Amino acid sequence: MGNIMIKKVFYQLSDPTQNVPEGDDAWLEKIKKEEIICDCWSIIKPKVIDVFLNDTIKKGFAPISYVRGTFIGMLHKDIVSLLGLQNIENIYYVGKVYDINKNLSKEYISVVPKVSFFVRGGKESNFRICEKCGAVSYFPLPLNSWYIIDKSIPNPILFPSALAGIIVNEEIYKKIKKSGIKRIGYEKLPVLKEAIDGLSLTIDI
Ligand SMILES: [Zn+2]
């Protein structure tokens with residue numbers, strides 16, 4: 001039946017901290033008004049988006065993070081050099097990050113997924129379509145039972161997760177573990193042949 005596990009394993013890397021950077025209010029309002037992002041957090045027009053924070057760049061920020069209330073990602077230079085800028089540019093639009101004083105951050109870049117990839121869950125997963133922008137919101141449940149579907153894997157190395165993280169193969173996962181870079185959350189994602197959430201969608205999530 002559908003629930004066949006394939007030998008490959010991927011990992012989602014994400015921000016495990018409570019220290020997610022906050023965007024500048026005026027900037028957030030502006031990109032909503034310009035319909036670049038929606039109230040549902042979705043990015044309506046994926047493109048390079050420069051980030052303006054309502055914060056200084058703090059040591060406690062995670063190396064793989066996002067601007068609170070959006071799916072605009074932020075990547076620290078250590079993780080960028082480890083993953084390779086070219087690999088990142090293949091899957092993200094890369095922009096700049098400015099702190100509260102409008103100073104350009106030397107530590108972080110902004111990343112907007114060219115295409116986001118959905119980590120799947122069971123039948124209790126949350127699924128909805130935004131009435132305003134039509135974007136799919138999907139949150140896999142129960143927790144710790146997440147997986148991805150073999151046929152939809154877009155890239156063998158790394159690709160953006162719709163949960164504001166990066167999904168990487170085992171080789172890269174080991175490389176990052178070995179690097180000792182701190183404040184990265186890891187979720188192991190087995191690869192299944194078919195989804196077990198009961199959603200067979202024409203949009204290939
Ligand atoms: Zn929306």
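The values are calculated or read from the model by the stated rules, or taken from the named source; none is laboratory data. Since the model is a prediction, treat every value here as computed from it, not as a measurement. Note that each Cβ is placed from the backbone with ideal geometry, even for glycine, and that neighbours are counted across all protein chains shown. Areas reflect the complete protein model, heavy atoms only, side chains present, ligands, DNA and RNA absent. Shrake-Rupley method; radii C 1.70, N 1.55, O 1.52, S 1.80 Å.
Summary of computed values
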quantity: Strands (runs of 3 or more DSSP E) contained entirely in the stretch 110-161, each with at least 2 residues that are among the aromatic types (Phe, Trp, Tyr) and over 16 Å from LEU13 (Cβ atoms); calculated: 136-139
quantity: Single residue of GLU131, GLU124, GLU171 found to be without any contact (Cβ under 8 Å) to a residue 40 or more places away in the chain, within 16 Å of the ligand (Cβ to nearest atom) and surrounded by fewer than 20 Cβ atoms within 10 Å (Cβ to Cβ); calculated: GLU131
quantity: Test: residue in the stretch 18-28 that is among the β-branched types (Val, Ile, Thr) and closer than 26 Å to ARG128 by Cα; calculated: yes
quantity: Residue list for the stretch 70-83, filter: assigned to a loop (DSSP other than H, G, I, E, B) and open to solvent by 20 Å² or more (accessible area, probe 1.4 Å); calculated: PHE71
quantity: Some residue of the stretch 148-158 being within 16 Å of the ligand (Cβ to nearest atom) and either modelled with pLDDT of 95 or more or among the basic types (Lys, Arg) (or both); calculated: no
quantity: Residue list for the stretch 45-68, filter: surrounded by fewer than 20 Cβ atoms within 10 Å (Cβ to Cβ), among the hydrophobic types (A, V, I, L, M, F, W, C) and either within 16 Å of the ligand (Cβ to nearest atom) or under 19 Å from the mean Cα position of the chain (by Cα) (or both); calculated: VAL48
quantity: Of all residues making up the stretch 1-44, the number that are surrounded by 12 or more Cβ atoms within 10 Å (Cβ to Cβ) and farther than 24 Å from ILE157 by Cα; calculated: 19
